[in-house]
Amino acid sequence: MQCNQEPMAKKFSRTRSLRELCALRQSFAVRVLPRVNRPVVAVLSMAICWAFIGLSQVSCYSQEVGAAKEASEEADPSIGYVPKSPRELQRTLTKMQYDVTQNAATEPAFKNRYWNNKRDGVYRCVVCSLPLFESETKFKSGTGWPSFFKPLGKKNVSTKTDYILFYPRTEVHCGRCKAHLGHVFDDGPQPTGKRYCMNSASLQFVAKPAGDEGQSDKTSGRTSGE
């Protein structure tokens, strides 16, 4: 779900609300505070408008994450997706990102981008931008790779068995574009007991907007580092 794809009625409503707020700002400045220093009134009124815009962005982020969860339980995210060509992928991805997502390579432990990332947000597929994991499910595994105990939705990731190391392992790949993400093991924490050991090169982190109270950290006592 893209925020810029919301119905026209919602866009009109939001634009109308913003216009009404700005009109209220001007009325307040002219009628209520006629004797206050005009530059001060201007600064205060602009702050109100920007606060309204910021709240809209936070709401958009929350709606997008919620919609991704609901959609992952209902529909196959690969439906309607047009895969990128190898040439396009080589042009848009780094060498490490391409090797990991397309050739099932493994990046070095402790020398990757997100193994110790402690910020709140969502981890997306670096190839197709499908939301895969939330920061609330990230935990300290000690492996040197970002680890999660649960994907954002059941259909956001897929698995298959590989024998690259001559013994069976469960490979994890993106539910939409089939990019290689990493592997899942049965030695993770509760409530799932799973450890989704992912490559940072296959992920794109999108930080949660400041002030987003709707996406509270349900596990405030956890440590997000690896």
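Computed from the coordinates by the stated procedures, all read-outs in this text should not be read as laboratory data. Keep in mind it's a predicted model, so treat the numbers as computed, not measured. FYI the Cβ positions are ideal-geometry reconstructions off the backbone, even for glycines, and counts take in every protein chain you see.
In this structure, the amide hydrogen of Asn116, modeled 1.01 Å from its nitrogen in the peptide plane, lies closer than 5 angstrom to those of Glu226, counting only residues at least 5 positions away or on a different chain. Over 13 Å, how big is the tail of the calculated P(r) for region 128-188, in percent of all Cα pairs? Roughly 64 percent, once rounded to a whole number. Packing-based ranking of 79-86, 122-129 yields 122-129, 79-86, ordered from highest to lowest mean Cβ neighbour count within 10 Å.
To two decimal places, what compactness ratio does region 86-215 give when its Cα radius of gyration is scaled by 2.2 N^0.38 Å? Before the final figure, lay out the partial values.
On the way: Rg = 14.1 Å, N = 130, 2.2 N^0.38 = 14.0 Å.
For region 86-215, the normalised Cα radius of gyration comes out at 1.01.
Applying the Karplus relation 6.51 cos²θ - 1.76 cosθ + 1.60 with θ = phi - 60° to region 140-157 yields 3J(HN,Hα) values of 7, 9, x, 8, x, 10, x, 10, 9, 9, 6, x, 5, x, 5, 9, 6, 10 Hz, where x marks Gly and Pro. Taken along the Cα-to-beta-carbon direction at a fixed 7 Å, the label points for Gln90 and Phe185 span 3.4 nm.
For Gly175, the residues whose amide H sits under 5 Å from its own are Val157, Ser158, ignoring neighbours fewer than 5 places away on the same chain, with H placed 1.01 Å from N. Relative to the Cα centre, the charge distribution of region 86-215, modelled as +1 at Lys and Arg Cβ and -1 at Asp and Glu Cβ, gives a dipole magnitude of about 200 debye.
I'd like to compare 161-169, 93-101: which one has the highest average count of other Cβ atoms within 10 Å, and what's the full order after that? Walk me through the numbers on the way to the answer.
Values: 161-169: 9.6, 93-101: 18.9.
Those peptides, ordered most packed to least, come out 93-101, 161-169.
Backbone geometry of region 163-179 corresponds, through the Karplus equation with coefficients 6.51, -1.76 and 1.60 at θ = phi - 60°, to 3J(HN,Hα) couplings of 10, 4, 9, 6, 9, x, 9, 9, 7, 10, 9, 4, x, 9, 9, 6, 5 Hz, x marking Gly and Pro. Spin-label model, Ile79 to Phe166: label points 7 Å out along the Cα-to-beta-carbon direction sit 4.4 nm apart.
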